[in-house]
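The values are calculated or read from the model by the stated rules, or taken from the named source; none is laboratory data. None of the values given here were measured: they were computed from a predicted structure. As a convention, Cβ positions derive from the backbone with ideal geometry for all residues, glycine included, and neighbour counts pool all protein chains shown.
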Amino acid sequence: MSDASGAVVHVIDDDNDIRLSLDSLLRSVGLDTELHPTPPSLQAFNLGRPQCALVDVRLRGSSGLDFQDQLVRSNVGVPVIMMTGFGDIPMSVRAMKAGAVDFLPKPFRDQDLLDAVTRAIDIDRCRRVREAETSTVLARYSDLSEREKEVMALVVTGKMNKQVAASLALSEVTVKVHRGAAMRKMQARSLADLIKMNDAVVASAG
C-alpha cells in the first residue's frame with residue numbers, strides 16, 4: 001500500500017460486527033476510521049485530510065446508492081467504495097456510473113478491500129492537490145488589475161502585443177507593461193504556464 005498516514009476511511013454499514021471488523025483491518029495498516037451505522041451528515045466529510053467512504057448498498061431504512069447520489073449532487077468529492085452482500089449487475093453499474101472507485105461483493109478478501117481503499121485515498125489526495133493549486137491560481141488572479149486581466153485574456157488566445165494593443169486601444173508599450181505585470185503576479189514562467197492558469201480561472205467560473 002502507499003503511505004496512508006493522515007488518511008481517514010468512513011465506514012458506513014448498519015452491521016456492527018462488520019463495522020468493527022473493518023475498523024480493525026483498516027487501523028492495522030495505519031488508517032484512521034470514522035464508523036457510521038447510518039449515512040452521516042455531509043458535514044462529516046469536512047476534513048482537511050485525505051479520505052474515502054466504504055458504503056454498504058443496503059442500509060437500515062435507506063440505500064447506500066441513494067447516499068452516493070446525495071454526495072454527488074452536493075459536490076462532496078469524497079471517493080466512494082460500495083460494498084454489498086446482495087449485489088447484482090444493475091447495482092454495480094449504477095454505482096460505477098456515479099463514480100464509485102470499486103464495487104465489492106461480500107465476502108471480499110481483505111487485500112481487495114485494502115487495494116480499493118488505497119486507490120480511493122490516492123484519488124482524494126490528487127483531488128486535494130488540484131484544488132489547492134486552483135485556489136492559489138485564483139488568489140493570484142484576484143490580485144490583477146482589470147486592465148491586466150483584459151490583457152491576459154487576449155494574450156492567452158495567442159495574440160501578439162501589437163494585436164492586443166489594437167484590440168484595447170492601448171500603446172504597445174503599455175500592453176507590454178501590463179503583460180509583464182500579469183506574468184509576474186501569476187508567477188507564470190512562460191506563456192504556456194499562463195494559458196494553463198487561465199484555463200483554471202475559466203473552469204472555476206464556469
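Quick notes on this structure:
- Every pair of residues 6+ apart whose Cβ atoms lie under 8 Å, when the first sits in segment 119-135 and is free of Cβ contacts under 8 Å to residues at least 40 places away in the same chain while the second is assigned to a helix (DSSP H, G or I): none
- Candidate set from segment 17-59 (those that are touching a Pro at 6+ places or on another chain (Cβ under 9 Å) and modelled with pLDDT of 95 or more); member that is surrounded by the fewest Cβ atoms within 10 Å (Cβ to Cβ): Glu34
- Among the candidates Asp199, Asp115, residue that is under 24 Å from the mean Cα position of the chain (by Cα) and more than 30 Å from Phe67 (Cα to Cα): Asp199
- Flag for Gln70 being loosely packed, with under 15 Cβ neighbours inside 10 Å, at pLDDT below 95 and touching a helix residue (DSSP H, G or I) at 6+ places or on another chain (Cβ under 8 Å): yes
- Every residue from segment 1-57 that is among the β-branched types (Val, Ile, Thr) and closer than 25 Å to Met91 by Cα: Val9, Val11, Ile12, Ile18, Thr38, Val55, Val57
- Single unsatisfied condition, Ala132 versus (1) modelled with pLDDT under 95; (2) buried (at least 16 other Cβ atoms within 10 Å of the Cβ); (3) assigned to a helix (DSSP H, G or I): (2)
- Count of segment 140-165 residues, restricted to those that are closer than 18 Å to Val202 by Cβ, aliphatic (A, V, I, L, M) and either outside any helix (DSSP H, G or I) or in contact with a Cys (Cβ under 6 Å, 6 or more places away or on another chain) (or both), is 2.
- Qualifying residue in segment 90-112 (condition: among the acidic types (Asp, Glu), in contact with an Asp or Glu (Cβ under 7 Å, 6 or more places away or on another chain) and touching a residue at least 40 places away in the same chain (Cβ under 8 Å)): no
- Among the residues of segment 166-206, those identified as in a loop (DSSP other than H, G, I, E, B), surrounded by fewer than 13 Cβ atoms within 10 Å (Cβ to Cβ) and out of contact with any Lys or Arg (no Cβ under 7 Å at 6 or more places or on another chain) are Ala169, Ser171, Arg189, Ser190, Gly206.
- Condition check for Val137: in contact with a Cys (Cβ under 7 Å, 6 or more places away or on another chain) and not in a loop (DSSP other than H, G, I, E, B): no
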